[in-house]
Amino acid sequence: MTFEAMRFGPLGEAVDEAMPHSEADPIGVYAAALALFSSAISGGVTMDTGRPVLVWTVLVGRSALGRKGYALRSAGAALTPSIGSYLDLRTRSGVSSGPSLVNLLYELEQDTRATEKGADGRAMIVEEEWAGVLKIARRCQKFSALFRSAWDGSTISNRTKQSYEVVERPLLGFHAHITPGEWAKYISSSDALGGTYNRVLPVLVTKSKMLPYNHVPRFEENAALSSAYRWATAKPRVMSFTPDAGLRSDELRATIEERMAKLPEHVSCYLERSHEQIVRVAAVLTAAQKKTRITEAAVNAAWAFVQHSMISVEKLVTEAANPSGSAKVVKPLPDLIKEVLERFGGEASSTLMLRALGVRTNAAGLKAAVAAMDDVEMLRGDGSRNPGIKYRLVKPDAKGEKSESADVTPLTDVGAVPAPASPAKTSALDSPTPPRERAVASPKRKAAKRIAPAKRPINSMADLL
C-alpha cells in the first residue's frame, strides 16, 4: 500500500505538507498523526455504537534507519498549530502497570472537574522505548486486561487500601516505537491470542530520504484541520456510515475474515479487530472534514492504511518465528546422509548416523533412503569384531563393484536376512574350519554328549515320574 492510497482529507494534507521537511516514512508520519489527532478529538467524537474513535499505532523499524522518532516529531509539528497545547499538557510515558494506568486517567478527570467544560480525562501515552515498558509490564497481571478495556472504552478501576479509583469512560490515546528484534522478544503469542496486541496497528517504517544538515524545517498550519479540531471539541459528535460506506464496510469485513481463515491462529489473532480499526480510522478522517457521515471514500482510505498494517504484522510475526529473516531451506534426506558420512570420514555406524540426523528419520527410514542411493552402501557386521550395521560412501569409480571389506558384508536388500548355510557332509580336507579350531570344538561336543542322559523308552507312569 502507498501513502497516496491512504491519504485523505485535511489530516492527509497536513502530513503531505510536512513531508518535504521530514526524513521519515510518510506512512509512519501518517500513523503517528492518526494516533495524536484521534486522542485530541476523543472527548467529543464517538461512533453511533458508543465506541470511541481512538486509533492506537506502533512504529516498527530498525534503530536510526527506521526514523521512528523523526516520524513522531514530524506529526507533532504538523498538528500542533491546529490542536494547540494538547500534546504538551496531556502526553505521558512510562505507564507500565494496571494501577498506574487507571490512576493516570482518574487524576486527569479529577483535576478538570471544576473547569468550565467539566471533567476531561483525555490522555496521550507515547512510548518511544516501548520494549522497556513491556518488560516491566509483564510483572503486572492486571495491565493487559486494563489496557484492552481502555481501548474498548469500557469502565476500568483500581482499588487500594486508601481509595477506589473508577474511570467510567477511558479516553486513552496510544503511540509507541519498537524495533523488529524487540517485537519478537517482548510481544508474546499468549498476549496476542488474548487480544492485547490486535488493538494496536503496527506499521513497518524506514527512512524516506536524507535532508542536508543545514535544512530548516517549516511546518505550516493547516487551516482546515484547525477548524476541524474546534468543530470536534465544541460539542458531542456521533459518527455513522452512509449506505454505500456501510455496504463497503461489510465487504471488507468479509475480506478480512476470509484472509484470517487462511492464516495460522498465531498470526490471525493480530487481525481480529482489523474491521473495527477501519471504522475508527475512517471516523477520524471524516471528523477531520467536519462531517459525521462516513463516506465510502473515507472507508477505502482507512482500508488502505489498515491493510498496510496487516501486511506489516504478518511479516513481523513470520520473522519473529524465524529470526534470521530468511526462509529456512530444508535439505533432502539423501544430501544430509552424505554430509554426515563425509563428516565421519566416509563411514559411520547406524547409531552415529541416527544421532547426527536427529528427528529427520529413524532406523527404518535411514535404511530405505540408503537403499535408493547409488553413492552410499549399507554394510552388516560379521557379529564379532564389527557388530551392527554401518553405512559407507561409495567412490564414483567403485560404483557397481562388490565391497572388498574383509570385516563386513554388503547388504543388497534392506529387509533381507542372510539364509543359514545348508548342512552338507564335507571331509576334513574340504571343511572351511581350520583343523586347530575343530580340535578345540570337538571336546566340547563330546562333553555335551556325556552330560546328556541316555534316552530310554517310557513304559509306565512311573517312568514319567
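Scan region 214-223 and tell me whether some residue there is aromatic (Phe, Trp, Tyr), at pLDDT below 95 and not in a helix (DSSP H, G or I).
Within region 214-223, one or more residues are aromatic (Phe, Trp, Tyr), at pLDDT below 95 and not in a helix (DSSP H, G or I).
Sort through GLY346, GLY381 and tell me the only one that's closer than 12 Å to VAL394 by Cβ and touching a Lys or Arg at 6+ places or on another chain (Cβ under 8 Å).
That would be GLY346, the only listed residue that is closer than 12 Å to VAL394 by Cβ and touching a Lys or Arg at 6+ places or on another chain (Cβ under 8 Å).
Just need a number here: residues in region 171-200 that are open to solvent by less than 10 Å² (accessible area, probe 1.4 Å), within 18 Å of ALA320 (Cα to Cα) and of a type in the set (Phe, Trp, Tyr).
Looking only at that region, the number is 1.
So for region 159-170 (the condition being within 22 Å of SER42 (Cα to Cα), open to solvent by 40 Å² or more (accessible area, probe 1.4 Å), in contact with a strand residue (DSSP E or B) (Cβ under 9 Å, 6 or more places away or on another chain) and in a strand (DSSP E or B)), does at least one residue qualify?
Yes, some residue in region 159-170 is within 22 Å of SER42 (Cα to Cα), open to solvent by 40 Å² or more (accessible area, probe 1.4 Å), in contact with a strand residue (DSSP E or B) (Cβ under 9 Å, 6 or more places away or on another chain) and in a strand (DSSP E or B).
Pick out the one residue from THR292, THR242, THR286 that is in contact with a strand residue (DSSP E or B) (Cβ under 6 Å, 6 or more places away or on another chain), open to solvent by 40 Å² or more (accessible area, probe 1.4 Å) and modelled with pLDDT of 95 or more.
Being in contact with a strand residue (DSSP E or B) (Cβ under 6 Å, 6 or more places away or on another chain), open to solvent by 40 Å² or more (accessible area, probe 1.4 Å) and modelled with pLDDT of 95 or more holds for just one of THR292, THR242, THR286, which is THR292.
Taking region 134-145 only, how many residues are open to solvent by 20 Å² or more (accessible area, probe 1.4 Å) and part of a helix (DSSP H, G or I)?
Looking only at that region, the number is 5.
Inspect all residues belonging to region 246-268 and state whether any of them is of a type in the set (Gly, Ala, Ser), touching a residue at least 12 places away in the same chain (Cβ under 8 Å) and assigned to a helix (DSSP H, G or I).
yes
Count, please, the residues in region 36-72 that happen to be more than 29 Å from GLY246 (Cα to Cα) and touching a residue at least 40 places away in the same chain (Cβ under 8 Å).
13
So which residues in region 31-81 are in a helix (DSSP H, G or I), open to solvent by less than 10 Å² (accessible area, probe 1.4 Å) and closer than 19 Å to ALA234 by Cα?
Of everything in region 31-81, those that are in a helix (DSSP H, G or I), open to solvent by less than 10 Å² (accessible area, probe 1.4 Å) and closer than 19 Å to ALA234 by Cα turn out to be LEU36, PHE37, SER38, SER39, ALA40, ILE41, LEU79.
Give the number of residues within region 92-129 that are without any contact (Cβ under 8 Å) to a residue 24 or more places away in the chain, open to solvent by less than 50 Å² (accessible area, probe 1.4 Å) and part of a helix (DSSP H, G or I).
Residues meeting the conditions: 4.
The values are calculated or read from the model by the stated rules, or taken from the named source; none is laboratory data. A quick note: this is a predicted structure, and the numbers were derived from the prediction, not measured. With ideal geometry, Cβ positions are generated from the backbone for all residues, glycine too; neighbour counts draw on all protein chains shown. Each accessible area value is taken on the protein alone, full model and side chains, heavy atoms only, with ligands, DNA and RNA left out. Shrake-Rupley method; radii C 1.70, N 1.55, O 1.52, S 1.80 Å.
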